[in-house]
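S.K.: Here it is: the structure, laid out below.
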Amino acid sequence: MTDTAQAPGAAGLPRDVTETRTATKKRFRPNGSAVVMVLYLLFLLVPIYWLLNMSLKTNTEILNSFTLWPRNLTLDNYRTILTDPAWYMGYVNSLIYVVMNTVISLSVALPAAYAFSRYSFMGDKHLFFWLLTNRMAPPAVFALPFFQLYSSVGLFDTHIAVALAHCLFNVPLAVWILEGFMRGVPKEIDETAYIDGYSFPKFFVKIFIPLIASGIGVAAFFCFMFSWVELLLSRTLTTVDAKPISAIMTRTQGASGIDWGVLAAAGVLTIVPGALVIYFVRNYIAKGFALGRV
Amino acid sequence: MDKTVNQKAWFLVLPVLVLVAFSAVIPLMTVVNYSVQDTFGNNQFFWAGLEWFSEMLESQRMWDALWRQLTFSAIILAIEVPLGIFVALNMPKKGFWASVCLVLMSLPLLIPWNVVGTIWQIFGRVDIGLLGYTLSKLGISYNYTQDIFAAWVTVIVMDVWHWTSLVALLAYAGLQSIPDAYYQAAKIDQASRWKVFRYIELPKMTGVLMIAILLRFMDSFMIYTEPFVVTGGGPGNATTFLSIDLVKMALGQFDLGPAAAFSLMYFLVILLISWVFYTVMTNLDKRDATS
């Protein structure tokens, strides 16, 4: 283990200090309190548990009795969603535009991120900054112009319209994240490949992309996520054919009031895609949110 | 890393440029266009100059929304940043439990924003929600649809719930990058826990904390979905933040001119903060390159 190498002057230390170091390395770091973490995690999980709890109850139980866990466990709410096209098409629509958006964002961002990480060219810094401002742009500012733009070119209420609209913040996000990963790849690799006679496209696909595969994964995950969680633009740009699940959820109020059980079940189902991959990206969450800069 | 000067790199950036121009520049130009014109319907537009801008600057409604927005952002930053640092300091440093904490803490970050709203809408209801039910059983009057204070508390607690983990995860990443030797030295000097935090951990975290603060400020500054789902901007206008107000004006009332002027001023603020963010980021990159 090279990281147990002695600090300068460590040889002259009192005996007990050096001993602790060899015994366990992490004892130098102040240990956190498990109580704090348990409390914090409880704070995070209880509202989610409550949603899950609601989704497994019947509406009679929700409205007439207050129970901490479902007494009559039922999957009817999920069955309603998975059999009614008005509900499940929402998931399909969301998935379609989210996947489209992720593919578009990544395919344009990859070469651009490479250019930003390897070359300096006229206006590169301004361009990079301008991309950032688009990541930061409030969707509320763009809602109305998007509505008019996509109506006038006849793309209103299509999946591609939402996918393109989400490029507003996802393309800059992907460029920044990928650039963050690419700067970690030594430039010598590129130069060696060129000397070995690789053309740029061949080098890029055969050598470079495998090298930053994890970066691409993280960028894809974040494009997927940010497109999946967005409501305002997707709701503004769709009415029927491409209506996403999030918009359907905000309009559940029927004549007989809100169907809480079904609403909760729909909510639980939207958490599933994130929860499925969360384990694989756990070490990159901070990096992704900080635009590849941690 | 020193970069080669190569103007041909523009070709690699071109797709991004075209796409973002289509999805950002054209719409933004539409906004500029509306902000200086007036219409009486039938697609007839008249030059209005800076009239809308001066009208918006005098509009009490916009200043109220801005004031609410700033208050909201200030409160959530004041809670989330210290809490996030505190949580990060208490996280397990490695091993199985570190992974468990990372996964569970990331969970709220990945929940669709309207579902975050739904979760708290259900959770806070007096009749069916755990929080609302418990509070009312304790004799505290709590109703986020009627009471302004309760609405604010709900929206703030919801944001703390949603985003504190982000601050914590960033701070945690900063903490993990501190070499062991620093702690070793502190131990030898018998530094107190506070001094370790003040002179070792905090300085090493400043970079990531700046990112965290700016990200949280930006995102809270354009918050829309969560309060929209929970309170709908109410009671009255009590939780109508800038984005909610803007959408009401633009898509609800179709007041194109004022909404466009409003949008542009909103965007200018964002531009300013983005610039600060960019400066921080590039300074961080430089520091990484030299260290």
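S.K.: Just checking, does the stretch B:86-95 include any residue being closer than 23 Å to residue A:53 by Cβ, basic (Lys, Arg) and within 14 Å of chain A (Cβ to nearest Cβ)?
M.R.: No: the stretch B:86-95 contains no residue that is closer than 23 Å to residue A:53 by Cβ, basic (Lys, Arg) and within 14 Å of chain A (Cβ to nearest Cβ).
S.K.: Which of the residues belonging to the stretch A:105-123 are more than 7 Å from chain B (Cβ to nearest Cβ) and of a type in the set (Ser, Thr, Tyr)?
M.R.: If the condition is that a residue be more than 7 Å from chain B (Cβ to nearest Cβ) and of a type in the set (Ser, Thr, Tyr), then A:105, A:107, A:117 are the ones that fit.
S.K.: Go through (1) more than 12 Å from chain B (Cβ to nearest Cβ); (2) surrounded by fewer than 20 Cβ atoms within 10 Å (Cβ to Cβ) for residue A:77 and report which single condition fails.
M.R.: Going through the list (1) more than 12 Å from chain B (Cβ to nearest Cβ); (2) surrounded by fewer than 20 Cβ atoms within 10 Å (Cβ to Cβ), residue A:77 breaks only (2).
S.K.: What single numbered condition from (1) under 30 Å from residue B:99 (Cα atoms); (2) surrounded by 13 or more Cβ atoms within 10 Å (Cβ to Cβ); (3) modelled with pLDDT of 75 or more fails to hold for residue A:28?
M.R.: Evaluating residue A:28 over (1) under 30 Å from residue B:99 (Cα atoms); (2) surrounded by 13 or more Cβ atoms within 10 Å (Cβ to Cβ); (3) modelled with pLDDT of 75 or more leaves (3) as the failure.
S.K.: Go through (1) part of a loop (DSSP other than H, G, I, E, B); (2) under 31 Å from the mean Cα position of the chain (by Cα) one by one and return the number of the condition residue B:7 breaks.
M.R.: For residue B:7, the exception is condition (2).
S.K.: Can you name the condition, by its number, that residue A:126 falls short on among (1) over 25 Å from residue B:216 (Cα atoms); (2) more than 7 Å from every other protein chain (Cβ to nearest Cβ); (3) surrounded by fewer than 20 Cβ atoms within 10 Å (Cβ to Cβ)?
M.R.: So residue A:126 meets the others, but not (1).
S.K.: Let me ask another. Out of the residues in the stretch A:255-294 that are aromatic (Phe, Trp, Tyr) and more than 9 Å from every other protein chain (Cβ to nearest Cβ), which is farthest from residue A:56 (Cα to Cα)?
M.R.: A:284
S.K.: Hey, among the residues in the stretch A:33-42 that are within 7 Å of chain B (Cβ to nearest Cβ) and assigned to a helix (DSSP H, G or I), which one's farthest from residue B:165 (Cα to Cα)?
M.R.: Residue satisfying both the conditions and the ranking: A:36.
S.K.: Within the stretch A:90-98, can one find any residue that is surrounded by 20 or more Cβ atoms within 10 Å (Cβ to Cβ), within 7 Å of chain B (Cβ to nearest Cβ) and part of a helix (DSSP H, G or I)?
M.R.: No: the stretch A:90-98 contains no residue that is surrounded by 20 or more Cβ atoms within 10 Å (Cβ to Cβ), within 7 Å of chain B (Cβ to nearest Cβ) and part of a helix (DSSP H, G or I).
S.K.: So which of A:200, A:224, A:204 is within 14 Å of chain B (Cβ to nearest Cβ), in contact (Cβ under 8 Å) with a residue 40 or more places away in the chain and surrounded by fewer than 20 Cβ atoms within 10 Å (Cβ to Cβ)?
M.R.: That would be A:204, the only listed residue that is within 14 Å of chain B (Cβ to nearest Cβ), in contact (Cβ under 8 Å) with a residue 40 or more places away in the chain and surrounded by fewer than 20 Cβ atoms within 10 Å (Cβ to Cβ).
S.K.: Now a separate question. Which residue is nearest to residue B:67 (Cα to Cα), if the candidates are limited to the stretch B:151-174 and must be away from chain A (no Cβ under 14 Å) and surrounded by fewer than 21 Cβ atoms within 10 Å (Cβ to Cβ)?
M.R.: Out of the qualifying residues, it is B:152.
S.K.: Can you give me the number of residues within the stretch B:96-128 that are farther than 25 Å from residue A:232 by Cα, at the interface with chain A (Cβ under 7 Å from one of its Cβ atoms) and in contact with a Pro (Cβ under 7 Å, 6 or more places away or on another chain)?
M.R.: 1
S.K.: Report, by residue number, each residue of the stretch A:126-163 that is over 30 Å from residue B:283 (Cβ atoms) and of a type outside the set (A, V, I, L, M).
M.R.: Matches in the stretch A:126-163: A:145, A:146, A:147, A:148, A:150, A:151, A:152, A:154, A:156, A:157, A:158, A:159.
S.K.: Hey, another quick one. Does the stretch A:174-198 hold any residues that are of a type outside the set (D, E, K, R) and within 24 Å of residue A:105 (Cα to Cα), and which are they?
M.R.: Of everything in the stretch A:174-198, those that are of a type outside the set (D, E, K, R) and within 24 Å of residue A:105 (Cα to Cα) turn out to be A:174, A:175, A:176, A:177, A:178, A:180, A:181, A:182, A:184, A:185.
S.K.: While we're on this one: Restricting attention to helices (runs of 4 or more DSSP H) lying wholly within the stretch B:164-260, give those where 1 or more residues are within 21 Å of residue A:233 (Cα to Cα).
M.R.: Counting at least 1 such residues, we get B:202-221, B:225-230, B:242-247.
S.K.: Another question, then. I'm checking my understanding of the structure. Among residues of the stretch A:187-238 that are of a type outside the set (Gly, Ala, Ser) and not in a helix (DSSP H, G or I), which one is farthest from residue A:171 (Cα to Cα)?
M.R.: A:196
S.K.: Identify, from the list A:73, A:127, A:132, the residue that is hydrophobic (A, V, I, L, M, F, W, C), at pLDDT below 90 and within 25 Å of residue B:224 (Cα to Cα).
M.R.: Answer to the selection: A:132.
S.K.: Oh, and also: Would you be able to say whether some residue in the stretch B:257-274 is farther than 22 Å from residue B:57 by Cβ and of a type outside the set (D, E, K, R)?
M.R.: yes
S.K.: Kindly establish whether residue A:220 is closer than 30 Å to residue A:57 by Cα and of a type in the set (Gly, Ala, Ser).
M.R.: Considered against the rule, which asks whether it is closer than 30 Å to residue A:57 by Cα and of a type in the set (Gly, Ala, Ser), residue A:220 comes out as no.
S.K.: Can you tell me which residue within the stretch B:111-150, out of those that are at pLDDT below 85 and of a type in the set (A, V, I, L, M), is surrounded by the most Cβ atoms within 10 Å (Cβ to Cβ)?
M.R.: Looking at residues that are at pLDDT below 85 and of a type in the set (A, V, I, L, M), I get B:128.
S.K.: Another question, if that's okay. If I ask for residues that are of a type in the set (Ser, Thr, Tyr) and within 7 Å of chain A (Cβ to nearest Cβ), which ones from the stretch B:238-283 would you list?
M.R.: Residues satisfying the conditions are B:243, B:263, B:266, B:274, B:278.
S.K.: Sticking with this structure for a sec: If you scan the stretch A:124-166, which residues turn out to be among the β-branched types (Val, Ile, Thr), in a helix (DSSP H, G or I) and without any contact (Cβ under 8 Å) to a residue 60 or more places away in the chain?
M.R.: If the condition is that a residue be among the β-branched types (Val, Ile, Thr), in a helix (DSSP H, G or I) and without any contact (Cβ under 8 Å) to a residue 60 or more places away in the chain, then A:133, A:141 are the ones that fit.
S.K.: Of all the residues that make up the stretch A:27-69, how many are β-branched (Val, Ile, Thr), farther than 30 Å from residue B:191 by Cα and touching a Phe, Trp or Tyr at 6+ places or on another chain (Cβ under 9 Å)?
M.R.: Of the residues in the stretch A:27-69, 2 are β-branched (Val, Ile, Thr), farther than 30 Å from residue B:191 by Cα and touching a Phe, Trp or Tyr at 6+ places or on another chain (Cβ under 9 Å).
S.K.: Give the residues of the stretch B:178-225 that are among the hydroxyl-bearing types (Ser, Thr, Tyr), touching a helix residue (DSSP H, G or I) at 6+ places or on another chain (Cβ under 7 Å) and more than 8 Å from every other protein chain (Cβ to nearest Cβ), sorted by residue number.
M.R.: B:182, B:220
The values are calculated or read from the model by the stated rules, or taken from the named source; none is laboratory data. For clarity, every value in this text was computed on a predicted model and none was experimentally measured. Using ideal geometry, Cβ is built from the backbone for each residue, glycine included, and neighbour counts are taken over all protein chains shown.
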